[in-house]
């Protein structure tokens with residue numbers, strides 16, 4: 001094959017000139033939008049696995065214009081710190097429990113009202129419906145964009161290193177870690193417990209050093225974070241359902257071109273649906289796995305727990321704090337609470 005020497009030299013010269021000018025071929029250029037996604041969830045949790053898949057799809061579908069880097073497992077700080085970072089724009093995307101978001105958006109914690117949702121059908125009807133829309137509107141007023149669907153974190157159960165929780169009286173004086181959230185603190189104070197607000201990144205060490213006796217989390221988190229190593233009992237109280245809203249910095253989101261917003265929203269939505277399905281499958285196996293690891297389970301009667309909260313004025317207190325409009329939207333799904 002004959003090569004035109006003059007054209008060959010010209011091509012080399014042109015490439016050198018481009019390199020000298022700092023210009024790279026289109027396929028090698030840095031992404032137009034380099035974004036950070038942070039969470040408090042371990043690498044092996046479905047939430048992290050699915051969002052990494054979504055990030056890869058977003059990069060491919062935007063032809064490299066959007067590159068979302070995922071930082072799991074509190075790599076960029078604890079919950080409250082990362083919430084500050086997403087507000088300032090240092091982090092672009094951040095899934096967070098509504099009960100922790102409550103420190104900024106008071107309404108966001110309403111899904112954590114104890115014993116409000118009897119099953120998952122009720123949860124998704126509420127969170128994908130009118131109640132969820134009402135919360136997202138409140139988030140927007142705080143400068144946060146919220147994706148339509150929230151991730152499943154699960155029904156929360158109480159673990160302990162000292163004793164099983166069988167009746168509400170067992171919580172009297174019980175030193176329990178709770179997330180940094182007014183509603184969580186209020187809930188366990190209503191039971192007479194001694195709640196300590198500790199970020200999730202510090203939970204294992206707090207249990208290990210006996211700063212607290214117990215904690216409460218969904219079984220999947222107890223398993224993946226290996227909390228069974230520092231806890232002996234698990235009481236299936238199912239006292240609240242918890243999910244994570246996928247939040248974005250409002251100014252960053254508004255500044256993205258509409259076509260890129262559509263691609264990101266589509267893939268995040270699909271990832272959330274897959275994560276919910278993953279969690280449903282995980283919940284079917286995790287209790288048996290934790291039993292095999294030595295955790296001792298019991299299933300308390302929930303009726304006395306709810307009766308204790310009613311007597312303590314928990315529901316009336318939070319009805320007043322959330323306001324009649326929000327409470328009516330909650331009771332549309334939960335039935336009468338207060």
If residue 103 meets every condition in (1) in a loop (DSSP other than H, G, I, E, B); (2) buried (at least 22 other Cβ atoms within 10 Å of the Cβ); (3) at pLDDT below 95 apart from one, which number is that one? (2)
Quickly run through segment 184-224 and pick out the residues that are at pLDDT 95 or above, part of a loop (DSSP other than H, G, I, E, B), surrounded by fewer than 22 Cβ atoms within 10 Å (Cβ to Cβ) and in contact with a helix residue (DSSP H, G or I) (Cβ under 7 Å, 6 or more places away or on another chain). 192, 212
I need the full set of residues from segment 40-76 which are under 26 Å from residue 201 (Cβ atoms), part of a loop (DSSP other than H, G, I, E, B) and modelled with pLDDT of 95 or more, in order please. 72, 75, 76
List, please: which pairs have Cβ atoms under 7 Å, are six or more places apart or on different chains, and start with a residue in segment 165-183 that is at positive phi and modelled with pLDDT of 95 or more and end with one that is in a loop (DSSP other than H, G, I, E, B) and surrounded by fewer than 22 Cβ atoms within 10 Å (Cβ to Cβ)? 173/192
Regarding residue 300, is this residue in contact (Cβ under 8 Å) with a residue 40 or more places away in the chain and in a helix (DSSP H, G or I)? no
Need the failing condition index for residue 282 against (1) at pLDDT 95 or above; (2) closer than 18 Å to residue 217 by Cα; (3) in contact with a helix residue (DSSP H, G or I) (Cβ under 9 Å, 6 or more places away or on another chain), just the number. (1)
Report yes if residue 36 is farther than 18 Å from residue 97 by Cα, touching a strand residue (DSSP E or B) at 6+ places or on another chain (Cβ under 8 Å), assigned to a helix (DSSP H, G or I) and modelled with pLDDT of 70 or more, otherwise no. no
Any hit, segment 127-137, residues being in contact with a strand residue (DSSP E or B) (Cβ under 9 Å, 6 or more places away or on another chain), part of a loop (DSSP other than H, G, I, E, B) and at pLDDT 95 or above: no
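The values are calculated or read from the model by the stated rules, or taken from the named source; none is laboratory data. None of these values were measured; they are calculated from a predicted model. Here Cβ is always computed from backbone atoms with ideal geometry, including for glycine, and neighbour counts include all displayed protein chains.
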